[in-house]
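The structure appears right after this line, and notes come after that.
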Amino acid sequence: MGQPVGPPFPVGEAVVRSLVTAASLAPSLHNAQPWRFRLLADGTTLQLWADLDRVVPHADPDGRGLHLGCGAAICNLRVAAAHAGLLPEVRLLPESAEPRLLADVVFRRLPPGAPEPPEAAGLAALYPAIRARRTSRHPFLPDPVPGEVLGELTEAARIEGAELIHPDAWHTATVLELMRDAEGRDGADPGRERELERWTRTGAEAGSAVDGVPEYAFGPRERDGRTVVRDFAGRAPIPGRPDADFESTPHLVLLGTAGDRPFDWLRAGEALERVLLVATDRGLATSLSSQTLEWDELRWPTRDPMSSVSHIHMVVRLGYGPDT
């Protein structure tokens, strides 16, 4: 992330805990939170490791979703570090012989009078959005998203090395059809059904859940059977869960990169979270969908055939909705 500024700076346990807490509020596939953090003995370097006990093998056999979630956690960590007056130097995949080690983060402090590096600009201002961000599975209002806000989201993705694609009406309709196809395929796949059950929290378990998706976050069931968000309830009846009409034409954007390797996935995760934080800061509600991208034969047609961005990593729904 640019040239180092100042010597490595040892951070105390309280600071590290606050940084890791912020990082752990990142979104991840099924909210599995597939990360572990390790502070090295000198106190200047925090490592991010993939937690292979929290993989989602049926939906994420190649680990792309794991890397996206961990990349989002890195973005939150950078934002929290900037808020604390630190400059994190991030090295992705620092040891080729150890693919579980996803990042080294070396902490530095800005010398008095030194200008803020470009990669740190604007990060600290996003800190309140880390706790405010939610994945909303509720209907959004028909109000359009202003063009200047869409421009800010596009720039947020670009800063982190990804692209945000704004599909036209035809492309949006295609993506929605692919999402419905993916929902049906998931429901017919026993392995994916069991996996979904593992990461959903219902009944008394929902109130104390610290991972997975609790039933209060399922949102209402889509009344007309359309698929705008993943239905984590599956076939299970949830007492008192209402039905609702969702947007007939949701505002979707696609986040992608030219490459499709672990390094690209981590950068895409950083870009995704920066987009979500900027969206939250601008008052937008968001929801994420990777269902289409979890099936190889559906992921390819999700892309824009006229774009150089060959690999889509997330479908993001934008709009204005209720607090959740």
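The values are calculated or read from the model by the stated rules, or taken from the named source; none is laboratory data. Every value quoted in this text rests on a predicted model; they were computed, and no experiment measured them. Quick reminder, even Gly has a Cβ in these numbers, built from the backbone with ideal geometry, and neighbours come from all protein chains shown. For accessibility, only protein heavy atoms count, side chains too; no ligands or nucleic acids. Shrake-Rupley method; radii C 1.70, N 1.55, O 1.52, S 1.80 Å.
The magnitude of the dipole of the chain, with charges of +1 and -1 set on the Cβ of Lys/Arg and Asp/Glu and taken from the Cα centre, is near 660 debye.
Over the chain, dividing the summed -39,500 (n - 2.57) contributions of all DSSP H runs of at least 4 residues by the number of residues returns a 222 nm mean residue ellipticity of -10500 deg cm²/dmol. In this simple spin-label approximation, residue 114 and residue 194 carry label points 7 Å from Cα along the Cα→Cβ vector, and these lie 5.3 nm apart.
Treat every Asp and Glu Cβ in region 1-134 as -1 and every Lys and Arg Cβ as +1, leave all other atoms uncharged, and give the resulting dipole magnitude about the Cα centre to the nearest 20 debye. Don't jump to the answer; show the numbers that get you there.
Details: 13 positive and 12 negative charges, 85 e Å.
With only Lys, Arg, Asp and Glu charged at Cβ, the dipole is about 400 debye.
Accessible area per residue for the chain is 45 Å², calculated with a 1.4 Å probe on protein heavy atoms, without ligands, DNA or RNA. Along the axis of the charge dipole computed for the chain (Cβ charges of +1 for Lys and Arg, -1 for Asp and Glu, origin at the Cα centre), the listed residues 102, 173, 255 are led at the positive end by 102. What a 1.4 Å probe finds exposed on the chain is 54% carbon and sulfur by accessible area, rounded to a whole percent.
Here the simple spin-label model places points 7 Å from the Cα toward Cβ, and for residue 245 and residue 14 these points are separated by 5.4 nm. Highest-first packing order for the peptide set 237-250, 93-106 is 93-106, 237-250, based on the mean count of other beta carbon atoms within 10 Å. Dipole size of region 147-319 about its Cα centre, with +1 on Lys/Arg Cβ and -1 on Asp/Glu Cβ: approximately 240 debye, rounded to the nearest 20.
Given the Cα-Cα distance of residue 297 and residue 185 and 0.36 nm per residue of separation, how much length would full extension add, in nm? List each step's numbers first, then the result.
Details: separation 112, 0.36 × 112 = 40.32 nm, distance 1.16 nm.
Using 0.36 nm per residue and subtracting the Cα-Cα distance, I get 39.2 nm.
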